[in-house]
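Taking it in order: structure first as structure tokens, then the write-up.
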Amino acid sequence: MHPRTRIARPRAVAIAATRDDTALSLALLAPILLLVLLGMLALAAPARADDSEIGCVTTEWKLLGANHQVCVFAFQDPRIPGVSCFISQAKTGGISGSLGLAEDPSNFSVSCSQTGPITIPDKLPAKENVFKESTSVFFKATRVTRLWDKQRNTLVYLAVSRKIIDGSPYNSVSTVPVRP
């Protein structure tokens, strides 16, 4: 028997055993990876406090998955009960949008108005986040920050899109004058 033939047989058996071990490892890891992915999707769900969806308008029809939409949400300023704000946010559709894997574009608008008596608390911070909505699985969010312009007696609401590393220059601003 040729010496190369003897070496080839054990090597082929070792390769086959390695392939079986890899397939078994992948079969065991699949449920774990699925649970991790589902956990990430649950964490990426919009994190909004005291809000309500007013409605959505389709901007582009998709054959598979949800349509692209612009949705309007209402929320109250948590420290100023007499102020209501409305934010419109573009939502990505398609299959990836339906699964929660798409990144929504940084297209939004905010409008705030006085809907009741406004009393400014004595210790109102000059800047405070009042709204946040996740717009991507990968740490992107639209935030509304309230700024207090004490000199002009005006509440300023600024909407921006933020990521952990970089954000977007797109923004929207709304003001609510506080009458004496």
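Only the coordinates and a few stated rules stand behind these numbers; no lab work does. Nothing here was measured: the structure is a model prediction, and the numbers come from that model. Note that we place each Cβ from the backbone using ideal geometry, even for glycine, and neighbour counts take in every protein chain shown.
Structure above, values below:
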| item | result |
| --- | --- |
| Residues whose placed amide H lies under 5 Å from that of Asn107, excluding near-sequence neighbours | Ala90 |
| Theoretical gain in end-to-end length, Val173 to Val57 [0.36 nm per residue, Cα-Cα removed] | 39.5 nm |
| Highest average packing first - 72-85, 145-158, 110-123, 52-65, Cβ atoms within 10 Å | 72-85, 145-158, 110-123, 52-65 |
| Estimated FRET transfer efficiency (Thr115, Leu64; beta-carbon r; R0 41 Å; 0.05) | 0.50 |
| Inter-probe distance in nm under a simple model that places probes 7 Å from Cα toward Cβ, at Leu158 and Val72 | 2.6 nm |
| Additional length obtainable on full extension of the chain from Arg143 to Arg79, 0.36 nm per residue less Cα span | 21.4 nm |
